[in-house]
Amino acid sequence: MAGSRFVTSPWRLLWLLAPIAGLVELGAHLYFAGRAPRETDFAELKSEVERLRNTGELVVIAPEWAEPLARKAFGEELMPLADVARSDATGYERALEIGMLDQRSPELSGWTELAEERDGPFLLRTLKNPHYEAVRYAFNEHVRPSELFVVEWNGEAEHNCDFTPRARVTAGGLGGHVAYPAERFRCSGGEAYFAGVTLIDDQRYRPRRCLYAHPPVNAVLHLRFPNVPAGKKLRGYGGQSFLLTRDGNAAPIEFAIFIDGHEIGRRDFLDQQGFSPFEFAIGRGAPERVEVTFQVQSKSPVGREFCFAAEMR
Amino acid sequence: MSFETPRADRKLGLALGALYVALLYVSADSLGYARDEGFYFQSARAYRGWFDLLWSDPASALSRAGVDRFWVVNHEHPSLMKVLFAFSHQLFYERLGWIREAGTAYRLPGMVLSGLGVALIHHWGSRISGRAAGFVGALLFACMPRVFYHAHLACFDLPVASVWLFVAYLYARSLETSSRGYVWATGLCYGLLLDTKHNSWLFPAFLVMHVLALNLGDLLADRKRTRPLVPPALIAIALLGPPVFVLLWPWLWFDTWHRFLGYVQFHLQHEYYNMEFLGQTYWKPPMPMGYAWLMTLATLPATTLGLALIGGVGWLRGERSTTLSPSGAAAPGQLAANPAATTAAHELLWLFGILVGFAPWWSQNTPIFGGTKHWLTAYPFLALFAGQGFRVVAIRLRAIALEFGLTRLPVVSLTATLLSAGAVVMTVHSHPYGLSFYTPLVGGAPGAATLGLNRTFWGYTTGSLAGFINENAAPGASVFVHDTALQSWDMMRADGRIRSDLEGTLSIADSSMALYHHEPHMGRVEYQIWVAYDTQTPAEIACYDGVPVAWVYQRK
């Protein structure tokens, strides 16, 4: 039979690739099924993350989808809510990136690598932000009656929004309102009209921690922080829950910022913009400490769950 | 000259189908109840109430008030499957007690229809492509991971694919014979298809395309037409389909036209759901044109698709001669003796079955509200071509083996094993995360998550968290069920999968334990839980191949 091997075209032997392809697919399946780190791998990594992470350092997981595993394994000390639901990473000087499956965080692209360490399936990189700007004052962290006054101004008189630390927390579910927190400044108009820190979903459906400030009906809302260290600029993000407003076309949220009574900037937030940035320069010659007032209003105020995160830098 | 398959082959096909039903049955209790199943459980209970009334007080049951009272429930979908769910529950769970779980009893008709679909693929494939090809085609259909998932459910997606296949088969048989039996059976079964799911309305287009192609083929080949211009089965479909449809759906017995229009409008103006695809969440047109194609590549074993492609190309090249016995010995083909035109008509029908199954996805306006399940009707035909492809490969490999003197090598069995091993292993591995499964082509589930492909929907993965919930929830706790329908949650309680003292709730604020089923647009629900529970640390995560799919929060 040996002589018959060459009777037909050797190209016919390519058919042998078919069953081999079946085996290759099986092998590839087994490889990919076992490739990603498991919960136990994250749990074992915790002590190493604790060792590497300095206080205030941001912990970032790449790819992003593995973050719940990291949150569960590392806990809130290593991954506090303010970090997990940050507006962006520009205010962090350093970050610890926990990468797996050869993934890098796009958010930390361009950061300078200070150290790299492999730990099992993970690659831990300590990164430095080349464009770091120190945050002098994060307004989200000062939403308490000793540091913030919330008032409605109807053109004639001011109405104070009273603070309560123990309001009933409510949440509207998928199509309903954002979570209304326990600590809030209650304004007139009903449960939705208040100022307080909550979370919204941005245009990538990622969490953003922000200061909820529902525009009042026939009035403007003033959030007055009387004792803020002055910096070079005031920057942040504003918007509404993207899922609820992505098809919206309502009148804009009119947002303005005043330093010691002088307007330094103003912008309109449109429904479909999601959580979008703003930045205003602080004029030279500002005193060391200033009063910052955020003004929120809308010609169509009902159901507009505006939320913003601002920082003095 | 006979197309008939030997009795042994028919038995083998039925055995394969029965084995599939058995596999579905034994694995059902580890698969949580999907969102839509909850609605169909509720509907089945309502319809059961009507049948009880029909038994006790027929006049009242047949009155408009009697019909409307029960059949108004879930009247956006036809009745057949829900009635079968109800009967199955009543017979196998309540009366005979053969099935331990009420939910599994509701699921049984879907499983049986799926098994019959497998058996029919075996039978049809054997008739046209040979015994081994029929077997491999049926096996590859059964071992499509998403098919295996949907085949478990008390839903319509696998049933409609199976009934579609049955009507197509009956129609194809009606073309072979002058007997009227297949003609009327086609018409009657089309009525059942209409009563199974709304995409059945595309079926006539499928047949019309086939008839036009056959007639065009005759014309181009200058052949004398031996069949009627319009096949009698097509007429039977038009005559019998709609009456059977109305007869079996009492909701249409009154105000028929208005209610029928309402049914049509519901599906033509279906709300757009959210679906993640390549990192973007789509919720309104234009939908991405590549959705169905990429999702098919990403969820069907590549070997199955490759064999279907080989089968299709082989068919276009006219390869339909020798058939194979499972042993690999050359067998005189049943079809070798049959008219080529007849087999070509069958294979052309398979091709149109694939095209029509995918046809809605040529439009950017078709809402992608349920992922791959919406083109499942194409998969049986794809599997038939995969069987063809297997035949082509096996014939070539056997020839090579003979050239090398390997006369005793069981080439066909070996090839079948090697080509189906991946599909079998992947399907077994996909359970109970069928909708999270992705093939190696996109890097499996982790690769798909990185690419931004949908990770889960329908809230069925609550089943994978049941153990944690039962162990950790406080007595009498309220559990926020998120995307799991309350009816599905209640069925898990009734079946003993979830502790009976745990109430499902849709209120995060009133709950002490909260479930979250991940889809990007659902994120805001998770963030609400973080605020309400004052924690962003999950207490438990259900992962598939390391990818988080659903997780639980516990109030501090």
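The values are calculated or read from the model by the stated rules, or taken from the named source; none is laboratory data. Here the structure is a predicted model, which is why all the values come from computation and not from measurement. All Cβ positions, even for glycine, are placed from backbone atoms using ideal geometry, and neighbour counts span all protein chains on display. Accessible surface areas use protein heavy atoms only, side chains included; no ligands, DNA or RNA. Shrake-Rupley method; radii C 1.70, N 1.55, O 1.52, S 1.80 Å.
Observations on the structure shown:
- Selection status of A:G248, in a loop (DSSP other than H, G, I, E, B), touching a helix residue (DSSP H, G or I) at 6+ places or on another chain (Cβ under 6 Å) and not acidic (D, E): yes
This table checks each residue for (1) open to solvent by less than 20 Å² (accessible area, probe 1.4 Å); (2) touching a residue at least 60 places away in the same chain (Cβ under 8 Å); (3) of a type in the set (F, W, Y).
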residue	(1), (2), (3)
B:W98	no, no, yes
B:A105	yes, no, no
B:L108	no, yes, no
B:I128	yes, yes, no
B:A142	yes, yes, no
B:L158	yes, yes, no
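Conditions tested, residue by residue: (1) modelled with pLDDT of 95 or more; (2) not charged (D, E, K, R).
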| site | (1), (2) |
| --- | --- |
| A:L13 | no, yes |
| A:G22 | yes, yes |
| A:L26 | yes, yes |
| A:A36 | yes, yes |
| A:E39 | yes, no |
| A:G56 | no, yes |
| A:P68 | yes, yes |
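- Any hit, region B:445-452, residues being of a type in the set (S, T, Y), crowded, with 20+ Cβ neighbours inside 10 Å and within 12 Å of another protein chain (Cβ to nearest Cβ): yes
- In region B:400-409, residue nearest to A:R12 (Cα to Cα) [restricted to those that are open to solvent by 30 Å² or more (accessible area, probe 1.4 Å) and aliphatic (A, V, I, L, M)]: B:L402
- Tally, over region B:12-33, of residues that are open to solvent by 60 Å² or more (accessible area, probe 1.4 Å) and farther than 30 Å from B:R127 by Cβ: 2
- Set B:S500, B:S511, B:S464, B:S478: member being open to solvent by less than 10 Å² (accessible area, probe 1.4 Å) and of a type outside the set (D, E): B:S511
- B:E519 falls short of the stated requirement of being under 30 Å from A:R35 (Cβ atoms), touching a helix residue (DSSP H, G or I) at 6+ places or on another chain (Cβ under 7 Å), open to solvent by 10 Å² or more (accessible area, probe 1.4 Å) and more than 7 Å from every other protein chain (Cβ to nearest Cβ).
- Any pair with Cβ under 7 angstrom, 6 or more apart, that starts in region B:256-271 at a residue that is under 15 Å from B:T366 (Cα atoms) and ends at one that is surrounded by 12 or more Cβ atoms within 10 Å (Cβ to Cβ): B:F266/B:E76; B:H267/B:H198; B:H270/B:P367; B:H270/B:F369
- The set of residues in region A:7-60 being under 29 Å from the mean Cα position of the chain (by Cα) and without any contact (Cβ under 8 Å) to a residue 12 or more places away in the chain consists of A:R38, A:T40, A:S47, A:R51, A:T55.
- Set side by side, the residues B:I541, B:I529 differ, and just one is within 7 Å of another protein chain (Cβ to nearest Cβ) and among the aliphatic types (A, V, I, L, M), which is B:I541.
For every residue, the table says whether it meets (1) more than 9 Å from chain A (Cβ to nearest Cβ); (2) crowded, with 20+ Cβ neighbours inside 10 Å.
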site: B:V411; (1), (2): yes, yes
site: B:L414; (1), (2): no, no
site: B:A421; (1), (2): no, no
site: B:V425; (1), (2): no, no
site: B:T439; (1), (2): no, yes
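- Selection status of A:P226, away from every other protein chain (no Cβ under 14 Å) and either of a type in the set (K, R) or in a loop (DSSP other than H, G, I, E, B) (or both): no
Results for (1) outside any strand (DSSP E or B); (2) open to solvent by 30 Å² or more (accessible area, probe 1.4 Å), shown as yes or no for each residue.
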{"residue": "A:I200", "(1), (2)": "no, no"}
{"residue": "A:A256", "(1), (2)": "no, no"}
{"residue": "A:R267", "(1), (2)": "no, yes"}
{"residue": "A:Q272", "(1), (2)": "yes, yes"}
{"residue": "A:P277", "(1), (2)": "no, yes"}
{"residue": "A:G283", "(1), (2)": "yes, yes"}
{"residue": "A:G303", "(1), (2)": "yes, yes"}
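- Listing of helices (runs of 4 or more DSSP H) fully contained in region B:188-276 that carry 3 or more residues being over 30 Å from B:M522 (Cα atoms) and aliphatic (A, V, I, L, M): B:203-220, B:232-247
- For region A:15-47, the set of residues classified as more than 7 Å from chain B (Cβ to nearest Cβ) and either surrounded by 16 or more Cβ atoms within 10 Å (Cβ to Cβ) or under 16 Å from B:G443 (Cα atoms) (or both) consists of A:V24, A:G27, A:L30, A:Y31, A:G34, A:D41, A:F42, A:L45, listed by residue number.
- Residues located in region A:233-250, provided they are away from chain B (no Cβ under 14 Å) and at pLDDT 95 or above: A:K233, A:L234, A:R235, A:G236, A:Y237, A:G238
- Filter result for the condition that a residue is outside any loop (DSSP other than H, G, I, E, B) and either assigned by TED's automatic domain parsing to the domain that holds A:R166 or under 22 Å from A:P207 (Cβ atoms) (or both), over A:E113, A:E147, A:E141: A:E141
- Verdict on B:R391 being part of a helix (DSSP H, G or I), of a type outside the set (S, T, N, Q) and within 7 Å of another protein chain (Cβ to nearest Cβ): no
- Looking across B:D36, B:D9, B:D57, one residue alone is at pLDDT below 95 and either in the same structural domain as B:A154 (by TED's automatic domain parsing) or open to solvent by less than 30 Å² (accessible area, probe 1.4 Å) (or both). It is B:D9.
- Restricting A:L69, A:L114, A:L96 to residues that are over 16 Å from the mean Cα position of the chain (by Cα) and within 14 Å of chain B (Cβ to nearest Cβ) narrows the list to A:L69.
- The single condition among (1) in contact (Cβ under 8 Å) with a residue 60 or more places away in the chain; (2) surrounded by 23 or more Cβ atoms within 10 Å (Cβ to Cβ) that A:L244 does not meet is (2).
- Among the conditions (1) closer than 23 Å to B:F41 by Cα; (2) surrounded by fewer than 24 Cβ atoms within 10 Å (Cβ to Cβ), B:Y169 misses just one, which is (1).
- Residue in region B:299-312 that is surrounded by 14 or more Cβ atoms within 10 Å (Cβ to Cβ) and more than 23 Å from B:V411 (Cβ to Cβ) present: yes
- Among the candidates A:G155, A:G120, A:G91, the residue that is exposed (fewer than 14 other Cβ atoms within 10 Å of the Cβ), closer than 29 Å to A:N227 by Cα and either touching a Leu at 6+ places or on another chain (Cβ under 6 Å) or more than 11 Å from chain B (Cβ to nearest Cβ) (or both) is uniquely A:G155.
- Criterion: within 30 Å of A:G176 (Cα to Cα) and part of a loop (DSSP other than H, G, I, E, B) - qualifying residue of B:A474, B:A449, B:A466: B:A474
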